[in-house]
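Working notes, structure below.
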Amino acid sequence: MFSKKKSSIPASRQPVAVVGAGVAGLAAAARLAIAGHPVTVFEASASFGGKMHQFDLAGPAGPYRFDAGPSLFTLPGLVDDIFRLAHRDPRDYLRYERLDPITQYFFADGTRLTAWADSPRFAQEIEQKLGVPAAQVEQFLARSGRAYNATAGTFLHKSLHRAGTYLSTDTLKAMAALPTLGLTGTMHARHEQAFGQDARLVQLFDRYATYNGSDPYQAPATLSLIPHLEHGLGAYYPEGGIYAIASSLHRLGTEFGVQYRFNEPVREIVAAGGHVTAVRTDQDIYDFGLVVSNMDVVPTYRRLLPTHPAPERTLGQPRSSSALIFYWGIAHKFAELDVHNIFFSSDYRAEFRAIFEDKTVADDVTVYVNITSKKEPADAPPGHENWFVMVNVPHDQGQDWNTLTQRTRQVVLARLHQALGVDVEPLIASEKTWTPPGIAADTSSFGGALYGSSSNNALAAFLRHPNFSGRLDGLYFCGGSVHPGGGIPLCLLSAKIVAELIG
Ligand SMILES: Cc1cc2nc3c(=O)[nH]c(=O)nc-3n(C[C@H](O)[C@H](O)[C@H](O)COP(=O)(O)OP(=O)(O)OC[C@H]3O[C@@H](n4cnc5c(N)ncnc54)[C@H](O)[C@@H]3O)c2cc1C
């Protein structure tokens, strides 16, 4: 048992338990340890990373390395900040390069488009391939940048659940800016308004709703600032793959004395007198006056705090989409593909209706293929590629995933055949799948949702669970299911907010 001795320990030195070693848990642990707290991370799995774990898939020609979950890395400075906080050189821990091109797009009508990192070049490509004037694209991207600059400081970097946030002049400016930036209505309506003459370009920008598991036909226009992350600030590739982000944070935490207890799931957060007092695992009860849960907020309440009242309205918010992922070792190299490749469906509206209304998978789906061996040849045997093939699907609500997976696999293969002119199926040398129930089982994410709750209404940002408990002193939350939301950058920001709240 750890000794709490709360009264004699200065606040900045109080021990903290972190439940979960996902990217937000790792970042929170490192930040708190740097601040001087003794930190213990309890992780249910055998290692760290959560959705950001990696694995090797054996194949006849040799192993393929895969990043299991995230593949796109934006705002790398948020990782660097943690190393700088520790007075370390970020490049000693994590190296990354800006991607150019960012994505190869394949539209249903056969049009191919390259998303160059340089905005004027990307706009020129759009003018050439889609016939939409470059100036119109540049104007849209510039506006997306202004919207990001006006709002990110308030909506992403601070707790939205502390009165102080609303009293700052920055916040008042951000609120006032929304209507002038044309950010009313839905994201799709905003894109229709900007590019109504070309449905393909509307589809391209609508896709950014999937970056937080939302539906462009419902999500607010404020989400149309997401393209700025890629086209204004850059999409990056970390050396060693996305998993290198988790490893770098784990290493920093270790250097600052963080204790990691793997294969030790927390079974209960113990509280008394309105304050957390301990965490219970199968091994022991450990006294802690400060607990940070990086576990999805729904199972945190349902499983770890079953006798405490839960914020039902918050927990009942609609979940984000999930994913069906096929990890394929491919015995061929495709010169026309890059690290990020999108094969659009012919009916985006039907695809999102299937996900968010019918809770199923459409007959025609958009396919995302990520190939890290384009950057890291060692991720696949010579002459091979490691394909992470992902389709957006609803979160698990008891659907027949065996049938849906088999059907979707055929749809994916047909779409790839149509776009590439090659039958990919005989090239699959090795295969593994991850389904929404699998994601839920492996990471405890409610329904296997990738990004916690969806952003399908204008108030979603305010309805996400805060980074602290309003009922139990000493209980904090970080990760994709709480404020400011899912995805690597927002998870890192949740860790920053928690460390600041505790500090
Ligand atoms: C297929 C897929 C694709 C994605 N693509 C992208 C992308 O391209 N870009 C991007 O930015 N984001 C992407 N995301 C989202 C991103 O991966 C997540 O938002 C982020 O990794 C979530 O991190 P987290 O800190 O919330 O914790 P998680 O990764 O959810 O980890 C939580 C950890 O807590 C542990 N845990 C749970 N319960 C307990 C318990 N009781 N005791 C101890 N430990 C416990 C789990 O084992 C797990 O390790 C993707 C996700 C997936 C799955």
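The values are calculated or read from the model by the stated rules, or taken from the named source; none is laboratory data. Just so you know, these numbers come straight off a predicted model, no measurement behind them. A quick note on method: Cβ atoms are made from the backbone with ideal geometry, for glycine too, and the neighbour counts reach across all protein chains shown.
Per-structure values
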{"item": "Evaluation of residue 353 against (1) away from the ligand (no atom under 16 Å from the Cβ); (2) surrounded by fewer than 21 Cβ atoms within 10 Å (Cβ to Cβ); (3) more than 30 Å from residue 465 (Cβ to Cβ) (one fails), failing number", "result": "(3)"}
{"item": "Hey, residue 416 away from the ligand (no atom under 11 Å from the Cβ) and either crowded, with 24+ Cβ neighbours inside 10 Å or within 21 Å of residue 370 (Cβ to Cβ) (or both) or not", "result": "yes"}
{"item": "Residue count, the stretch 80-113 (criterion: over 19 Å from residue 239 (Cβ atoms) and among the hydrophobic types (A, V, I, L, M, F, W, C))", "result": "6"}
{"item": "Scan of the stretch 254-290 for residues that are crowded, with 23+ Cβ neighbours inside 10 Å and closer than 18 Å to residue 48 by Cα, ordered by number", "result": "258, 266"}
{"item": "Residue in the stretch 384-399 that is among the hydrophobic types (A, V, I, L, M, F, W, C), surrounded by 22 or more Cβ atoms within 10 Å (Cβ to Cβ) and part of a helix (DSSP H, G or I) present", "result": "no"}
{"item": "Test: residue in the stretch 50-61 that is buried (at least 18 other Cβ atoms within 10 Å of the Cβ) and in a loop (DSSP other than H, G, I, E, B)", "result": "yes"}
{"item": "Given (1) of a type in the set (A, V, I, L, M); (2) within 14 Å of the ligand (Cβ to nearest atom); (3) in contact with a helix residue (DSSP H, G or I) (Cβ under 6 Å, 6 or more places away or on another chain), number of the condition residue 291 does not satisfy", "result": "(3)"}
{"item": "Residue in the stretch 44-56 that is within 11 Å of the ligand (Cβ to nearest atom) and of a type in the set (Lys, Arg) present", "result": "yes"}
{"item": "Which numbered condition residue 88 fails, given (1) more than 30 Å from residue 431 (Cβ to Cβ); (2) more than 12 Å from the ligand (Cβ to nearest atom); (3) of a type outside the set (Ser, Thr, Tyr); (4) buried (at least 20 other Cβ atoms within 10 Å of the Cβ)", "result": "(4)"}
{"item": "The stretch 402-429, subset free of Cβ contacts under 8 Å to residues at least 40 places away in the same chain and among the hydrophobic types (A, V, I, L, M, F, W, C), residue farthest from residue 64 (Cα to Cα)", "result": "414"}
{"item": "Residue in the stretch 423-444 that is in contact with a Pro (Cβ under 7 Å, 6 or more places away or on another chain), within 12 Å of the ligand (Cβ to nearest atom) and within 19 Å of residue 298 (Cα to Cα) present", "result": "yes"}
{"item": "Long-range neighbours under 8 Å by Cβ, at least six apart or interchain, first residue at pLDDT below 85 within the stretch 136-161, second surrounded by fewer than 18 Cβ atoms within 10 Å (Cβ to Cβ) and among the acidic types (Asp, Glu)", "result": "153/170; 154/170"}
{"item": "Residue 100 being on the phi < 0 side of the Ramachandran plot and buried (at least 24 other Cβ atoms within 10 Å of the Cβ)", "result": "no"}
{"item": "Members of the stretch 255-280 that are in contact with a helix residue (DSSP H, G or I) (Cβ under 8 Å, 6 or more places away or on another chain), away from the ligand (no atom under 16 Å from the Cβ) and more than 30 Å from residue 92 (Cβ to Cβ)", "result": "none"}
{"item": "Subset of the stretch 213-242 that is part of a strand (DSSP E or B) and not hydroxyl-bearing (Ser, Thr, Tyr) - its residue that is surrounded by the most Cβ atoms within 10 Å (Cβ to Cβ)", "result": "220"}
{"item": "Tally of residues being aliphatic (A, V, I, L, M), surrounded by fewer than 24 Cβ atoms within 10 Å (Cβ to Cβ) and either free of Cβ contacts under 8 Å to residues at least 12 places away in the same chain or more than 16 Å from residue 251 (Cβ to Cβ) (or both) across the stretch 8-49", "result": "5"}
{"item": "The stretch 453-503, residues that are at pLDDT 95 or above, among the charged types (D, E, K, R) and within 14 Å of the ligand (Cβ to nearest atom)", "result": "496"}
